[in-house]
1. Which residue, 59, 17, 39, has the largest displacement toward the positive end of the dipole of segment 4-77 when charges sit on each Cβ (Lys, Arg +1; Asp, Glu -1)?
2. Give the peptides 57-65, 158-166 in descending order of average Cβ contacts within 10 Å, highest first.
3. Got a sec? How would 21, 41, 68 order by Cβ neighbour count within 10 Å, fewest to most?
4. Can you tell me how much longer the chain between residue 40 and residue 166 gets when fully stretched, taken as 0.36 nm per residue apart minus their C-alpha distance, in nm with one decimal?
5. Please arrange 102, 174 by counting, for each residue, the other beta carbons lying within 10 Å of its beta carbon, fewest first.
6. Using Cβ counts within 10 Å as a stand-in for footprinting exposure, how do 91, 72 rank, fewest first?
7. Rounded to whole Å and sorted largest first, list the principal axis extents of the Cα atoms in segment 4-77.
8. As an exercise, use a Förster radius of 35 Å and the Cβ-Cβ distance of residue 123 and residue 49 to find the FRET efficiency, rounded to the nearest 0.05.
Amino acid sequence: MTHPSSFTHTHLIDEIQALLDPLRTMHRRHQDALDKHRTADGEITEEEYADYEEARQTTAIEASDTLDTVVKRLELLVAAPAHRAFTIALKGPGHAEGANPSLFVVNGTDIDDAHRRLAQLPSFRRWLADIRNPEATGPSTDADVVRDQSHAGTRAPGTYSDLRNEQARLLAASSASRPTPALPLPGPPSASLPRSR
């Protein structure tokens, strides 16, 4: 029997790896964009300076936007209850004829919570309207879920649509749009509190 702590450990490694892979890809792409304007010694010539600064600004903006998403995904990992990746299998085109279901990965507390969160994502709604069944305008229902192929965790990358970044971006945007509550003004000291001398 698998010990719960080893299950949690494996889950966290999988989640962190899923965060690191796109970050490494972005970092390499940013370095390549900046290296185009550097000499072999890593210097920036006067002729390349303006283009280098423009590339630096563009990459910095993307990195900043990505940071919000990463922070939100990390917050979900340490939330109580913890959110983790779930693969939701849904009936797609040709399901009645034996076609494989379409797989989507989102974070949730359990399969049902993950399905509810999946149903809120714009790209999933587009899939419902355009790909699965253009005539079906209603939301995805429990009857659409292929239970025996839905599970905690993920399969090999590329076999599913990973919507965790979209989910985190929407959560980060909604957190940023909420006003920060004002701190209460301190009241007069209570007579029952001891006073320092």
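1. 17
2. Details: 57-65: 12.2, 158-166: 16.4.
Ranking, from highest mean packing down: 158-166, 57-65.
3. Numbers: 21 11, 41 5, 68 16.
Ascending number of Cβ neighbours within 10 Å: 41, 21, 68.
4. 41.6 nm
5. Details: 102 20, 174 10.
Ordered from fewest to most neighbouring Cβ atoms within 10 Å, 102, 174 come out as 174, 102.
6. Numbers: 91 17, 72 22.
Ordered from fewest to most neighbouring Cβ atoms within 10 Å, 91, 72 come out as 91, 72.
7. Here the Cα extents, ordered largest to smallest, are 59, 23, 12 Å.
8. On the way: r = 39 Å, r/R0 = 1.12.
So the FRET efficiency works out to roughly 0.35.
Taken together, the values in this text are just the output of simple stated rules run on the coordinates, not laboratory data. Quick caveat: nothing in here was measured; it's all calculated off a predicted structure. Every residue, glycine as well, gets a Cβ built from its backbone with ideal geometry; the counts of neighbours run over all protein chains shown.
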